[in-house]
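Each reported figure results from applying straightforward, stated rules to the coordinates on display, with no laboratory input. Note that the structure is predicted; figures quoted are calculated from it, not measured. Note that each Cβ is placed from the backbone with ideal geometry, even for glycine, and that neighbours are counted across all protein chains shown.
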Amino acid sequence: MQGRLGISFPIRVRSGKVAGVLLLILSQPKITGQQLVLFETLADQLGLAFSNVMAFEKLMEKYQQGLKKELANLNLEDIPAIKFTLRITPKENKTLERLMREQGKTKAEIIRELLDKLDKIGP
């Protein structure tokens, strides 16, 4: 490699802790002030990238934990899974459309709620 100069720069994350080291082996025996600024900037940018990755991983972990809690509380019987065609009269359709406007729900949601109410009343 014929390296004549080795320089290392700390890669610091947002907290100020060192997450790694940028090690450069150069063929010239000295570096200029511009090169020094460039290498320090590169190390700083790597630190910022590391910080962003770690923040994203924490966010995803928090999201997945929340999702697991939500899934644990789900009752599979409450999730619609059966599709069927319902034939209704024009009069019944007008009633459903009126309820849609009043309640801000879909026809399917209105019918499901009616069925749930009947189920609670019992046979």
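Among the conditions (1) surrounded by 14 or more Cβ atoms within 10 Å (Cβ to Cβ); (2) in a helix (DSSP H, G or I), the only one that residue 10 does not satisfy is (2).
Within region 93-123, being assigned to a helix (DSSP H, G or I) and within 35 Å of the chain's Cα centre (by Cα) holds for 100, 101, 102, 103, 107, 108, 109, 110, 111, 112, 113, 116.
Being within 30 Å of residue 7 (Cα to Cα) and not polar (S, T, N, Q) is a property that does not hold for residue 96. Scanning region 75-92 for residues that are exposed (fewer than 10 other Cβ atoms within 10 Å of the Cβ) and either in a loop (DSSP other than H, G, I, E, B) or on the phi > 0 side of the Ramachandran plot (or both) yields 75, 79, 80, 81, 82, 83, 84, 85, 86, 87, 89.
From the list 55, 19, 43, the lone residue that is more than 26 Å from the chain's Cα centre (by Cα) and surrounded by 12 or more Cβ atoms within 10 Å (Cβ to Cβ) is 43.
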